[in-house]
1. Which one is nearest to residue 9 (Cα to Cα) among residues in segment 46-78 that are assigned to a loop (DSSP other than H, G, I, E, B) and among the charged types (D, E, K, R)?
2. Filter segment 45-61 for residues that are exposed (fewer than 13 other Cβ atoms within 10 Å of the Cβ) and in contact (Cβ under 8 Å) with a residue 12 or more places away in the chain and give the result.
3. Could you grab me the full set of residues in segment 28-44 that are surrounded by 14 or more Cβ atoms within 10 Å (Cβ to Cβ) and either among the basic types (Lys, Arg) or assigned to a loop (DSSP other than H, G, I, E, B) (or both)?
4. Give the residues of segment 1-27 that are open to solvent by less than 50 Å² (accessible area, probe 1.4 Å), at pLDDT below 95 and among the β-branched types (Val, Ile, Thr), sorted by residue number.
Amino acid sequence: MPKTIHTERHHKLRALLVAERKARGLTQTVIAERLGKPPSYVAKYELGERRLDVLEFLDVAAAIGFDPCNLIRSLASV
């Protein structure tokens with residue numbers, strides 16, 4: 001079994017996070033500022049260089065402004 005960072009589901013999660021951010025016209029820099037993190041933090045999870053734990057995921061969802069439950073439901077079918 002490959003590490004979860006290299007799975008189809010993780011790729012889908014990253015794509016959904018990017019899509020949610022872009023749908024709201026937000027840059028990685030804006031999200032990083034809202035999270036109190038450097039822009040590289042956002043770039044790394046979007047590129048798959050780092051994983052988000054559940055609490056980080058909830059913080060990202062709040063910073064972007066989407067319902068995390070809906071995104072999780074869309075991952076359940078992958």
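1. 51
2. Within segment 45-61, the subset exposed (fewer than 13 other Cβ atoms within 10 Å of the Cβ) is 47, 49, 53-55, 58.
Within segment 45-61, 47 is the sole residue that qualifies.
3. 34, 37, 44
4. 5, 7
The values are calculated or read from the model by the stated rules, or taken from the named source; none is laboratory data. For clarity, every value in this text was computed on a predicted model and none was experimentally measured. Positions of Cβ are backbone-derived with ideal geometry, glycine not excepted, and every protein chain shown enters the neighbour counts. For the accessible areas, the whole protein counts, side chains as well, though only heavy atoms, and no ligand, DNA or RNA atoms are used. Shrake-Rupley method; radii C 1.70, N 1.55, O 1.52, S 1.80 Å.
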